[in-house]
Structure formats: C-alpha cells, structure tokens
1. From S175, S243, which residue is open to solvent by 30 Å² or more (accessible area, probe 1.4 Å) and small (G, A, S)?
2. Which residue out of E140, E159 is among the acidic types (D, E) and under 17 Å from the mean Cα position of the chain (by Cα)?
3. Assess whether L30 counts as being of a type in the set (A, V, I, L, M, F, W, C), surrounded by 13 or more Cβ atoms within 10 Å (Cβ to Cβ), closer than 30 Å to C161 by Cα and within 15 Å of ligand 2 (Cβ to nearest atom).
4. Could you list, in sequence order, all residues of the range 187-199 that are of a type in the set (A, V, I, L, M) and either out of contact with any helix residue (DSSP H, G or I) (no Cβ under 7 Å at 6 or more places or on another chain) or surrounded by 21 or more Cβ atoms within 10 Å (Cβ to Cβ) (or both)?
5. Given the criteria open to solvent by less than 30 Å² (accessible area, probe 1.4 Å) and part of a helix (DSSP H, G or I), does I202 qualify?
6. T129 versus (1) open to solvent by 70 Å² or more (accessible area, probe 1.4 Å); (2) in contact (Cβ under 8 Å) with a residue 60 or more places away in the chain; (3) assigned to a strand (DSSP E or B): which is the lone unmet condition?
7. I69: buried (at least 19 other Cβ atoms within 10 Å of the Cβ) and not assigned by TED's automatic domain parsing to the domain that holds E113, yes or no?
8. Scan the range 95-113 and give yes if some residue there is over 25 Å from the mean Cα position of the chain (by Cα) and either under 29 Å from F181 (Cβ atoms) or within 16 Å of ligand 2 (Cβ to nearest atom) (or both), otherwise no.
Amino acid sequence: MEAPVFDIQRFSVHDGPGIRTLVFLKGCGLRCPWCSNPESQLSQPQLMLYPEKCIGCHKCLEVCEFGAIFVEGEQLHYNRQLCRACGKCAEVCPAEARKLVGKYVDVDYVIKEIEKDALFYRNSGGGVTFGGGEPALFPEFVKAISTECRKRGINVAIETCGYAPWRNLKTIAASVDLIMFDLKHMDAHTHRKLCGHSNKLILDNLEKLCTLGGNEIIVRMPIIPGLNDEEENIHNTAEFVLSLGGAISRIELLPYHKFGIKKYERLGMLYQIEDVEVPSDEHMIAIRKIMEKYGLHVKIV
Ligand code: SF4
Ligand code: SF4
C-alpha cells in the first residue's frame with residue numbers, strides 16, 4: 001500500500017509530545033491562503049525551482065522530454081503547463097536548482113524511517129505525527145503504519161484539517177493516540193470564502209470524534225489577523241469547544257507566520273495574503289484570555 005509523501009522530518013518537538021518524526025502526506029481538500037506548506041495541497045508530485053542556485057549548465061534542458069525547459073534569448077525558461085513532474089531534470093541538476101516534491105512510498109518504507117529514532121521516542125515520550133496535507137485522505141495507509149507503531153510502543157498523532165469523509169477519520173481515530181484538529185473559522189460562509197469549502201463537514205467530524213472517545217483531542221486554531229481573529233469568531237470557537245463537553249484537552253493557538261511564502265514562488269503559485277501582518281504577542285495573549293474565560297485550557301504555541 002502506498003501514499004504520496006512530500007517530507008519526513010526527524011527530531012521535531014512541536015507537533016505532539018516529546019521528540020517526534022513528522023510524516024507529511026501530500027494532498028488536501030482545503031486551500032487556506034496562509035498555508036505554510038503549499039507543496040502539500042496537490043497529491044501529485046510537483047517541481048520546485050531554486051533559480052538562485054542555477055549555474056547554467058543546461059543539463060536539465062538535455063533530459064526534459066516534454067519541452068518544459070527551453071532557451072529564449074540567453075535565458076533558460078520553464079513552462080509548468082508542459083511539465084509532467086517526471087523529476088529527470090532534478091536528478092541531473094548538479095546545483096540542486098530543481099527539486100521534485102512528493103513521491104509515492106509504501107508502508108514499510110515509512111515504518112523503517114520512523115523506527116530510526118525509536119530510542120529518542122522512548123526517552124522523551126515522543127513518537128510519530130502524520131500531517132500534511134491531510135492524512136485523513138489516506139486512512140488505510142495511516143492506519144497500517146499507526147498500528148505497527150503502537151505495537152512497538154510508539155505514540156502516534158495526526159494533525160488534521162477535518163475536511164475528509166467521516167469514515168476516513170473514524171478509521172484513523174481507532175489507531176492513533178492523539179488527534180490535533182484544526183478549526184479555522186466558525187462561520188460557514190466565511191470558511192468557504194477563506195478555505196474553499198464550508199466548515200460543516202469539519203465541525204460534524206469533530207463532534208463525532210468527541211463522542212467516539214479513546215483519543216486525546218487538541219483543537220488547533222491558526223490566528224490570521226484580519227481573517228479569523230475577530231472577537232466574535234474567538235467567542236464562537238470557544239463556545240463550540242465548550243459544547244463538546246470536555247472532550248477537548250486544550251486549544252492551541254498558532255500565530256500566523258510567513259515562513260512558507262518563498263515556497264509559493266518556487267511552485268509557481270501566488271501568495272494571496274502578503275499584506276497580512278504577523279500578530280503581536282499582546283494580541284495572542286488577548287485572544288487566549290478571551291478563551292480562558294470559558295474555563296478552557298488554552299496555549300499559544
Ligand atoms: S520534471 Fe520532467 S517534465 Fe518537468 S521540467 Fe523536469 S524533466 Fe521536464
Ligand atoms: S541543470 Fe540545474 S544548474 Fe544546470 S541549467 Fe538546469 S537548473 Fe541550472
């Protein structure tokens with residue numbers, strides 16, 4: 001069984017307890033404009049360009065069979081529409097100016113990668129976190145790996161945007177310890193405007209997960225100034241979490257950052273919220289305080 005993965009990062013301390021290996025799956029149904037992993041949105045492989053590294057050797061030009069690389073004037077050009085993401089140019093480029101992101105890997109490959117740090121998980125209470133992209137689009141793949149990990153005493157977490165069929169989330173929930181569930185906006189219309197789809201399926205899924213039991217669930221909320229940080233949305237989010245009857249162990253607030261902007265350019269994508277400012281510490285604390293008034297455990301991460 002295989003699934004598209006675009007990165008496996010070791011020694012993370014941010015996405016779940018202890019030292020963790022992060023497995024990034026490729027493919028997501030939402031299109032949040034602040035996404036810091038734009039290479040995670042499409043499930044198929046994509047070519048990323050690093051033109052500042054190019055030494056002009058034209059080796060890529062020689063191997064491209066699809067006319068996606070061509071010379072005009074003195075300059076080397078690339079036509080993404082013609083590119084089939086075969087990766088041949090990236091293989092021959094001596095300067096690492098081209099990189100293919102995303103490849104189909106099997107369950108055994110991922111388990112072997114995870115097992116490399118088994119000692120660190122044991123000593124730190126860590127494990128593996130599936131993120132992306134949306135891991136719930138690949139439920140059987142995640143379940144197969146998670147089941148093996150748990151047999152070996154390795155803690156398993158997923159980070160999900162919740163936009164996936166309920167049966168997928170249910171399948172995964174049975175095989176993981178921790179679910180980090182993103183909530184971006186409580187208003188269905190605004191959610192659709194921001195992320196491309198209504199939040200109905202997402203909220204329904206979270207409610208159902210909470211009634212299942214058996215997992216720790218953390219709600220994660222990115223704070224994007226001017227897009228989802230209005231007081232009304234903060235209150236509505238807190239009220240919704242409260243309505244879940246104590247099933248959520250805490251809310252984590254994630255301040256907006258701009259670390260992913262350069263990747264958009266490398267993928268030939270447009271970053272649409274360049275003007276949005278990073279929230280101040282004071283603003284994050286003010287949001288945390290609003291939520292804490294509901295008796296919720298809230299953490300800025
Ligand atoms: S990935 Fe393949 S098709 Fe695309 S530019 Fe490189 S060689 Fe050409
Ligand atoms: S192979 Fe790499 S370094 Fe050579 S021209 Fe192509 S992108 Fe530039």
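The values are calculated or read from the model by the stated rules, or taken from the named source; none is laboratory data. Given the structure is predicted, the values throughout are model-derived calculations rather than measurements. Note that each Cβ is placed from the backbone with ideal geometry, even for glycine, and that neighbours are counted across all protein chains shown. Quick note on the areas: whole protein, heavy atoms, side chains included, nothing else; ligands and nucleic acids left out. Shrake-Rupley method; radii C 1.70, N 1.55, O 1.52, S 1.80 Å.
1. On the way: S175 fails: open to solvent by 30 Å² or more (accessible area, probe 1.4 Å).
Only one candidate passes the filter, namely S243.
2. Sole residue among the options that is among the acidic types (D, E) and under 17 Å from the mean Cα position of the chain (by Cα): E159.
3. So L30 does not fit the description; no.
4. L194
5. On the way: open to solvent by less than 30 Å² (accessible area, probe 1.4 Å): yes; part of a helix (DSSP H, G or I): yes.
Spelling it out, I202 is indeed open to solvent by less than 30 Å² (accessible area, probe 1.4 Å) and part of a helix (DSSP H, G or I).
6. (1) is the only condition that T129 fails.
7. yes
8. yes
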